[in-house]
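*Asks:* This is the structure, below, for whatever I ask next.
The values are calculated or read from the model by the stated rules, or taken from the named source; none is laboratory data. Note that this is a predicted model, so its numbers are computed, not measured. Heads up, the Cβs are rebuilt from the backbone with ideal geometry, glycines too, and the neighbour counts pull from every protein chain shown.
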Amino acid sequence: MKFHKVILWVTVLGLMNPGCAVFKTEEYEKDDNGNYLNHYNSCGPKALEKAFAAYNQKNGIHNARSVSREELSRVIQEDGPSIRMFLSFFHYDALMITTPNEIKQACKKYGYDVISLNSLKKIDYDKDVAIVLVFGSILEQEAHWLCIPVDNSPEGYFGEHTKISKIYLLKKK
């Protein structure tokens, strides 16, 4: 069977399967603009909120407008369709996902350049601010966005199973 047929069947089955939505309707609550409320408190918007505040503090930018996780979540959700919508057919927790591309787009929207790094050793914890995606056990659905230097020890976040996936150093344009 060709790949596009597999995707079609998975999509059809997903649309026919209401999954957890039948029992967990509160997980799918939206605001007046159609944004999922649960995403407001997910780790992506939280890490961005911490990172922007830390960047301003480290660089002596005192007059900058603070950006809330709610605002960041709305920006992320309103930028267009995401894999989170498709995956939520299978489990409501997928609504909490923030993809690496969404993180980069939100940073750019707020005036930050995003520099991809391949090692935490390239970060100067005294001067730099970075956003890091870590994974633990895939079977346990462990993934989390962190902010360096606010969140400590990203390399041990999920214990011995922690894998660093993405590291984004922020620089103001």
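*Asks:* Among the listed residues 48, 95, 72, identify the single one that is outside any loop (DSSP other than H, G, I, E, B) and either modelled with pLDDT under 85 or more than 30 Å from residue 171 (Cβ to Cβ) (or both).
*Replies:* Being outside any loop (DSSP other than H, G, I, E, B) and either modelled with pLDDT under 85 or more than 30 Å from residue 171 (Cβ to Cβ) (or both) holds for just one of 48, 95, 72, which is 95.
*Asks:* Hey, does segment 111-130 have a residue that's among the aromatic types (Phe, Trp, Tyr) and closer than 25 Å to residue 38 by Cβ?
*Replies:* Within segment 111-130 (the criterion being among the aromatic types (Phe, Trp, Tyr) and closer than 25 Å to residue 38 by Cβ), the answer is no, since none of the residues qualifies.
*Asks:* Can you tell me which residue within segment 105-140, out of those that are outside any strand (DSSP E or B), over 24 Å from residue 74 (Cβ atoms) and in contact with a helix residue (DSSP H, G or I) (Cβ under 7 Å, 6 or more places away or on another chain), is modelled with the lowest pLDDT?
*Replies:* That would be 137.
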